Amino acid sequence: MFDAPPKLIQVNGSVYGFKTTNTINVWAFKFETERDFLFESEGDPVGYLLDDFELIPYISGLDECMTQNYDIFVTRGPDKNIVFFQS
């Protein structure tokens, strides 16, 4: 559940673990669940989110600022293009 719409922010790509030091646009979503540790897997608080988003297709060509090799979400490794954090 979330109370506010997503927010577009500009950050240095390497701060979020992307393989670029350029300033990139990032959509930030803040949400919460009614259950604690819902997405935890093997000690990673967002492990199941990473698993669920891996290789999910998305619509490209919508003004991305990073060149992507494929139109899918990559959640791990040097080519990742989506990140999740627990606040």
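The values are calculated or read from the model by the stated rules, or taken from the named source; none is laboratory data. None of the values given here were measured: they were computed from a predicted structure. With ideal geometry, Cβ positions are generated from the backbone for all residues, glycine too; neighbour counts draw on all protein chains shown.
Values computed for the structure shown
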{"quantity": "Where GLY17 falls short, out of the listed (1) on the phi > 0 side of the Ramachandran plot; (2) in contact with a helix residue (DSSP H, G or I) (Cβ under 6 Å, 6 or more places away or on another chain)", "calculated": "(2)"}
{"quantity": "Residues of region 28-64 that turn out to be farther than 18 Å from PRO6 by Cα, within 13 Å of the chain's Cα centre (by Cα) and in contact (Cβ under 8 Å) with a residue 40 or more places away in the chain, as a count", "calculated": "1"}
{"quantity": "Among (1) of a type in the set (S, T, N, Q); (2) touching an Asp or Glu at 6+ places or on another chain (Cβ under 9 Å); (3) free of Cβ contacts under 8 Å to residues at least 12 places away in the same chain, the one test that THR67 misses", "calculated": "(2)"}
{"quantity": "Residue within region 7-23 that is small (Gly, Ala, Ser) and touching a Leu at 6+ places or on another chain (Cβ under 9 Å) present", "calculated": "no"}
{"quantity": "Selection count, region 65-77, where residues are within 16 Å of ILE24 (Cα to Cα) and either modelled with pLDDT of 90 or more or under 15 Å from the mean Cα position of the chain (by Cα) (or both)", "calculated": "3"}
{"quantity": "Residue check for ILE56: in contact with a helix residue (DSSP H, G or I) (Cβ under 9 Å, 6 or more places away or on another chain) and surrounded by 10 or more Cβ atoms within 10 Å (Cβ to Cβ)", "calculated": "no"}
{"quantity": "Which numbered condition VAL83 fails, given (1) surrounded by fewer than 13 Cβ atoms within 10 Å (Cβ to Cβ); (2) in contact with a Gly (Cβ under 9 Å, 6 or more places away or on another chain)", "calculated": "(1)"}
